[in-house]
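A.B. asks: If you scroll down you'll find the structure; I have some questions about it.
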Amino acid sequence: MKGIEVKNVTKTFQDTTALSQVSLNLEAGKIYGLLGRNGAGKSTLLNLITNRKFPDEGTITLDGATVAENDALLQQVFLINEQNLFPEGMKVKKAFQVTKLFHPSFDEEYALQLCKKFELNTKKKIKSLSTGYQSIFKNILALSVNVPYVFFDEPVLGLDAYHRDLFYKLLIEKYSISPFTAVISTHLIEEVATVIENVIIIKKGTIIKNQSCEELLSSGYCISGTASQIDSYLFSYGSSQELIGTDSIGGLKTAYLLGTPDSSAVSGLEVSQMDLQKLFIQLTNS
Amino acid sequence: MKINPDQEKPIFIQIAEGIEDGILTGAFPEGSQIPSITEFSVNYKINPATALKGINLLVDENIIFKKRGVGMFVSNGAVKQLKEKRQNQFYNNYISNLIEEAKRLGFSSDDIIAMIERGFSQ
């Protein structure tokens, strides 16, 4: 079977449970958004999938084979995160050559082209790069490595708006030419909402959603009106639909629900679709 | 053409309607080649699967046709077909909203007709 399968994985650090009985499938050749609040377990999940950390319980397989202690398999995956795995004094250009040793499919020429686009000086030492350029350097590695599974843990950390735009465009271009599985963990939800095909929402160490972005967005709605109108609407439908949150300001109230609005009961009320960020906030606010 | 993720409409429909607008305004004349899925995706920062879904809506309606290995083209008769389609949708897309807001503001149908006539004469 193609893809990554995470099965009943649990990971604890001392007295905190980072992931609890997590099961998840990542299909080959799709762009995923991995969303979760700080400390939800996003980075732990990515570290486990790429074998940088090991689960206490459960299994992770890649294209059907177990990831743990399988070096050949790890050639298929690439993770960028806040860690720098290169020696402190190493220069950017040298780091490309080293990456090529571990990942023969790494396209050095393309990486150098990207450096020009991002105006990254390849003669600079990695440790001397600013936060934004550290991210750019890692993104260039990830976009040039040509492996089937690439994981981006906060790829746009410290990037200015122009560079973020450039990153998303290059990612889509690369993906269009030769599709691969990309998992992007980020807090800038609005920016990735159109880039990703599927969305994974992780909350307190548990996966609460893993479905197509479009499907998730169409599964919820918000309804606004006077507080009494909304309360009576919720009284009628609150039992058949899941209420995920409410907002009130003065006498106006907005309710966020999962389900389909009943067209016969909404006259005079304002029904609108939730965007991904709103939905995320409502689903993860407790 | 503008893609707005905050809008109610799903992105794939926005793509399809953006291309339709391009055909109606003459930006994509009948018989001409339209940009590729990759060009649309990169330019608007949208997932290629979404762009494909939008364009396939137009392919299904024969407004766009694909030539294998060459690209995608605007069909002959696409403008006429799109005008008919938009005419059929005109009431739902424009008039019903207009009447709803008019009622909220206390306008009569005569008030609205007078405004429409004023608009046409300008």
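A.B. asks: List the residues whose amide H sits under 5 Å from the amide H of A:LYS203, counting only those 5 or more places along or on another chain, with H placed 1.01 Å from N in the peptide plane.
C.D. replies: So A:LYS203 has HN proximity to A:ILE208.
A.B. asks: Once you order the gyration tensor axes a ≥ b ≥ c over the Cα atoms, which shape class does the protein assembly as shown get: rounded for a/c under 1.5, otherwise prolate or oblate by comparing a/b with b/c?
C.D. replies: oblate
A.B. asks: Could I ask something else about it? Using only Cα atoms and rounding to the nearest 10 degrees, what angle (0 to 90) does helix B:48-60 make with the longest principal axis of chain B?
C.D. replies: 70
A.B. asks: Multiply the residue gap between A:ASN8 and A:GLU173 by 0.36 nm, knock off their C-alpha separation, and tell me the result in nm, one decimal place.
C.D. replies: 55.9 nm
A.B. asks: Sticking with this structure for a sec: Once the Cβ-Cβ distance between B:LYS85 and A:LYS127 is put in as r, and R0 is 56 Å, what FRET efficiency do you end up with, to the nearest 0.05?
C.D. replies: Working from the Cβ atoms, E equals 0.40.
A.B. asks: Summing +1 for each Lys or Arg and -1 for each Asp or Glu, what net charge is found among the other residues whose Cβ lies under 14 Å from the Cβ of B:SER36?
C.D. replies: +1
A.B. asks: Need one value for B:33-43: mean number of C-beta atoms belonging to other chains within 10 Å of its residues' C-beta atoms.
C.D. replies: Partner-chain Cβ atoms within 10 Å, mean over residues of B:33-43: 3.
A.B. asks: For peptide B:4-15, what's the mean number of Cβ atoms from other chains within 10 Å of each residue's Cβ?
C.D. replies: Counting other chains' Cβ atoms within 10 Å and averaging over B:4-15 gives 3.
A.B. asks: May I pose another question? What distance in nm separates the two pseudo spin-label positions at A:GLU190 and A:SER239, each 7 Å out from Cα along the beta-carbon direction?
C.D. replies: 4.0
A.B. asks: Can you give the average number of partner chain beta-carbon atoms within 10 Å of each beta-carbon in peptide B:47-53, as a whole number?
C.D. replies: 6
A.B. asks: Can you list which of the DSSP-assigned H helices in chain A have a Cα extent of 18 Å or more along the long axis and an average Kyte-Doolittle score of at least 0.0?
C.D. replies: Answer set is A:131-144.
A.B. asks: Among A:LYS30/B:LYS53; A:LYS100/A:LYS125; A:LYS2/B:LYS66; A:LYS91/A:LYS127, which pairs are too far apart, with a Cα-Cα distance over 20 Å?
C.D. replies: A:LYS2/B:LYS66
A.B. asks: Same structure again: What distance in nm separates the two pseudo spin-label positions at B:GLU100 and A:GLN75, each 7 Å out from Cα along the beta-carbon direction?
C.D. replies: Taking the simple label geometry, B:GLU100 and A:GLN75 are separated by 5.9 nm.
A.B. asks: Please report how many Lys pairs in the range A:161-286 have alpha carbons closer than 22 angstrom, counting only residues at least 8 apart along the chain or sitting on separate chains.
C.D. replies: 4
A.B. asks: Mind pulling the angle between the C-alpha long axis of helix B:78-90 and the longest principal axis of chain B? Nearest 10 degrees, somewhere in 0 to 90.
C.D. replies: The helix B:78-90 is inclined about 40 degrees to chain B.
A.B. asks: Measure off 7 Å from each Cα along the Cα-to-Cβ vector at A:ASP107 and A:TYR162, then give the distance between these two points in nanometres to one decimal.
C.D. replies: 2.5
A.B. asks: How tilted is helix B:109-121 with respect to the longest principal axis of chain B? Cα atoms for both, answer in degrees (0 to 90, nearest 10).
C.D. replies: It is inclined by approximately 60 degrees.
A.B. asks: Which of the aspartates and glutamates could a cross-linker bridge to B:LYS85, judged by Cα under 15 Å and excluding same-chain residues fewer than eight apart?
C.D. replies: Candidates past the 8-residue exclusion: B:GLU17, B:GLU20, B:ASP21, B:ASP60, B:GLU61.
Any read-out appearing in this document is the output of simple, stated calculations on the displayed coordinates, not a laboratory observation. These numbers come from a predicted model, not from an experiment. Counting neighbours? That spans all protein chains shown, and the Cβs are built from the backbone with ideal geometry, glycine included.
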